[in-house]
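Sharing a structure below in structure tokens format, with a few things to ask.
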There are 2 protein chains.
Amino acid sequence: MKMKRTLLTALNLAFVLTFGGLAQAKSADPLPSWNDGKAKQSIIEFVAKVTKKGSSDFVPPAERIAVFDNDGTLWSEKPMYFQLFFAIDRVKALAPQHPEWKTKEPFASLLKGDVKGVLAGGTKSVGEIVMASHAGMTTDEFELIVKDWIATAKHPATKRLYTEMVYQPMLELLAYLRANDFKTFIVSGGGIEFMRPWTEKVYGIPPEQVVGSSIKTKLGMKNGKPVIVRLPELNFIDDKEGKPIGINSHIGRRPIAAFGNSDGDLQMLQYTAAGDSPRFMLYVHHTDAEREWAYDRKSSIGQLDKGLDEARAKGWTIVDMKQDWQVIYPHEKR
Amino acid sequence: MKMKRTLLTALNLAFVLTFGGLAQAKSADPLPSWNDGKAKQSIIEFVAKVTKKGSSDFVPPAERIAVFDNDGTLWSEKPMYFQLFFAIDRVKALAPQHPEWKTKEPFASLLKGDVKGVLAGGTKSVGEIVMASHAGMTTDEFELIVKDWIATAKHPATKRLYTEMVYQPMLELLAYLRANDFKTFIVSGGGIEFMRPWTEKVYGIPPEQVVGSSIKTKLGMKNGKPVIVRLPELNFIDDKEGKPIGINSHIGRRPIAAFGNSDGDLQMLQYTAAGDSPRFMLYVHHTDAEREWAYDRKSSIGQLDKGLDEARAKGWTIVDMKQDWQVIYPHEKR
């Protein structure tokens, strides 16, 4: 009886191996939300090239490091970075414990709903808002705060969860690269501990493959157990020149593929491009005012100016969101 | 004909599935260099517990993070940290370009062969030797320097390559954990960029899973290409309180298993132990003066004093190298 059942299983397996494979190979487009065109083609050609055994362009799996910016590359960043909405919501939630904020800037403006007034205060004001909302708790506590916010907070324009505003074509690209034994990393100017609580579920990227900006921490004790306490002091800015530094610190290998959308990613793309074996550099160009946002050279958030010139001069892949992406967000899928 | 061959393959497969598994399960000891005893048993029981589906102790693969100290835990550390031998060899190699070192301490003592004199100078002297040997080049150049040294330099007592002085039982443990879907990390007080060039080959641990001490770096240009330049300034000390900080920064998850050998690892083991699900903490106790070295409470390198007390009090696993390890180094294998 046992042998008989095993034989049946084996025959099933044989059938799947013989016919299943053919059917799948024919139908499976690894990037179904990408329209046919130069961008999609360049991705598929690069992956085919570096994974072809025996080819001079072959890259061993361990070296297939792909790095992705987050804001504007994997999810939207308008009208402002989503992490700033988090900081603002957090200050509002903490306000009852801080009566002094009613008369103290930049908190007073923020609590009156004058976000533009806060932003006008520049780095100093934004820094104070960020520290008030991101420091003063343990990393475990902060993780819960972020998880709660990301599960409930809605974008002011779309009224959708922020994690619904990730780019479907980029989700497919992440999965496609991983299916080809790439290791996918986020390298973002955003806070490393703001991203880690949800990137695994949303992007399939585990915490140890997230690189980002950080504040200082120290070891402390809480209820007799060691915890990590978040301090109101900047530690590292993972933007511009910081991106290659962060890559070296966390990954220790030069990536072979890099994906960004702004001048803040330019050094990361340049650093990637300077490697010896084949490299792939891609800029997401926000050209779709109807389905997402259209901006580049003159945007204060996600400015793409020098990067656009360099990408064109060097033949890097430029994704025209309007032309190249059949859908922007997952909910648009048919 | 085609179907016939596929059927044969399927039958072969069925046979292997039915009988092959049994044969293998009987013969394969995953830790052949570990003598039977409490230490070995505790490892195997822990792994069985957290990998058993449906059990309340089950830990999903993504959370199976295991962290290992390096010096004294994965390879020897006597008569002094191997990285110090590297620093000394490097200063000797650079001496012709630095005639001023002949009269300048601590270089003068070192070049005369008076290593004890250098060490007597304490942190300041050692720091100067480390910076002179570890900074002032690009990360790519440093990688080549380390690769060259590690492939050729010999230990003064054993006359073996340093990478031959890794612990065979720990190599088996690393492989055993990975075979059970653990992700293995090094978390060492040693230099992160001193370890990364060889840990993948020697331990199977890729650069992105190495956490260590570091000096500052900056983005620079060389021959028109972006490079990372190593600066003679401390960035992070991955020892004692630094180990949980380094784990949080690089991994972003509390490990479920931690392996060390000294008081410098105690905070890492305490931090691991404080997690909710089952945890495993292990100290390697250097008890074998004949095959390796015997030291603990009074050693200046690899001191194990408070850690030994706490391990005993809390029932952590303590490896008695003399009793528990059938062989120490790979070349002793029969």
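Rounded to the nearest 0.05, what FRET efficiency is calculated for A:Ile301 and A:Lys112 with R0 set to 25 Å and r the Cβ-Cβ distance?
About 0.65, to the nearest 0.05.
May I pose another question? On a 0 to 90 degree scale, rounded to 10, what angle separates helix B:38-51 from the longest Cα axis of chain B?
70
Give a quick list of trypsin sites (Lys or Arg not before Pro) in segment B:40-131 that DSSP marks as loop, anything other than H, G, I, E or B, with at most 15 other Cβ atoms within 10 Å. Write down the numbers at each step before the final one.
Working: sites: B:Lys40, B:Lys49, B:Lys52, B:Lys53, B:Arg64, B:Arg90, B:Lys92, B:Lys102, B:Lys104, B:Lys112, B:Lys116, B:Lys124; in loops: B:Lys52, B:Lys53, B:Arg64, B:Lys104, B:Lys112.
Those satisfying the criteria are B:Lys52, B:Lys53, B:Lys104, B:Lys112.
For the interface of chains B and A, what total accessible area is buried with a 1.4 Å probe, rounded to the nearest 100 Å²?
3500
Still on this structure: Could you let me know the centre-to-centre spacing of segment B:270-334 and segment B:33-50, using Cα atoms, in angstrom?
Their Cα centres are 14 Å away from one another.
Now a separate question. List the trypsin sites (Lys or Arg not before Pro) within segment B:138-227 that fall in a DSSP loop (any state other than H, G, I, E or B) and whose Cβ has at most 15 other Cβ atoms within 10 Å.
Working: sites: B:Lys147, B:Lys154, B:Lys159, B:Arg160, B:Arg178, B:Lys183, B:Lys201, B:Lys216, B:Lys218, B:Lys222; in loops: B:Lys159, B:Arg160.
Those that pass, being in a loop and sparsely packed, are B:Lys159, B:Arg160.
Could you size up the charge dipole of segment A:190-334 around its Cα centre, putting +1 on the beta carbon of Lys and Arg and -1 on that of Asp and Glu, and report it in debye to the nearest 20?
Here segment A:190-334 has a charge dipole of around 580 debye.
Follow-up. Considering only protein heavy atoms, what per residue accessible area in square angstrom results for segment A:240-329 with a 1.4 angstrom probe?
Value returned for segment A:240-329: 37 Å² of accessible area per residue.
When only DSSP loop residues count, what trypsin sites (Lys or Arg not before Pro) in segment B:251-312 have their Cβ near at most 15 other Cβ atoms within 10 Å?
Details: sites: B:Arg253, B:Arg279, B:Arg291, B:Arg297, B:Lys298, B:Lys306, B:Arg312; in loops: B:Arg253, B:Arg279, B:Arg291, B:Arg297, B:Lys298.
Filter output for segment B:251-312: B:Arg291, B:Arg297, B:Lys298.
Can you spot the aspartates and glutamates whose alpha carbon is less than 19 Å from B:Lys333's alpha carbon? Ignore those fewer than 8 places along the same chain.
B:Asp29, B:Asp36, B:Glu164, B:Glu172, B:Asp288, B:Glu290, B:Glu292, B:Asp320, B:Asp324
So how far apart, in nm, are the two label points at B:Glu172 and B:Asn35 if each is 7 Å from Cα heading toward Cβ?
Reported label-point gap for B:Glu172 and B:Asn35 is 1.3 nm.
Between B:Lys333 and B:Ala93, what length comes free when the chain is fully extended (0.36 nm per residue of separation minus the Cα-Cα distance, one decimal in nm)? Let's see the in-between values first.
Working: separation 240, 0.36 × 240 = 86.40 nm, distance 3.52 nm.
Using 0.36 nm per residue and subtracting the Cα-Cα distance, I get 82.9 nm.
If I compute solvent accessible area with a 1.4 Å probe over the protein chains, what percent of it on segment B:267-334 is carbon and sulfur?
That fraction is 42 percent.
Counting only protein heavy atoms, probe 1.4 Å: which residues of segment A:189-206 lose 50 Å² or more of accessible surface in the full assembly compared with their chain by itself?
A:Arg196
Where in segment A:75-112 is the amide nitrogen less than 13 Å from a point lying 7 Å along the Cα-to-Cβ axis of A:Thr152?
Only A:89-90, A:93-94 fall inside the zone, counting backbone N under 13 Å.
Only Cα pairs under 8 Å and at least 6 apart count here; give the relative contact order of chain A as a rounded whole percent.
Numbers: 510 pairs, mean separation 72.0, N = 334.
Worked out over chain A, it gives 22 percent.
The values are calculated or read from the model by the stated rules, or taken from the named source; none is laboratory data. The structure presented is a predicted model; accordingly, all values stated were derived computationally and were not measured. Positions of Cβ are generated from backbone atoms using ideal geometry, with glycine treated the same way; all protein chains shown enter the neighbour counts. Please note that ligands, DNA and RNA were not included when accessible areas were found on the heavy atoms of the full protein model with its side chains. Shrake-Rupley method; radii C 1.70, N 1.55, O 1.52, S 1.80 Å.
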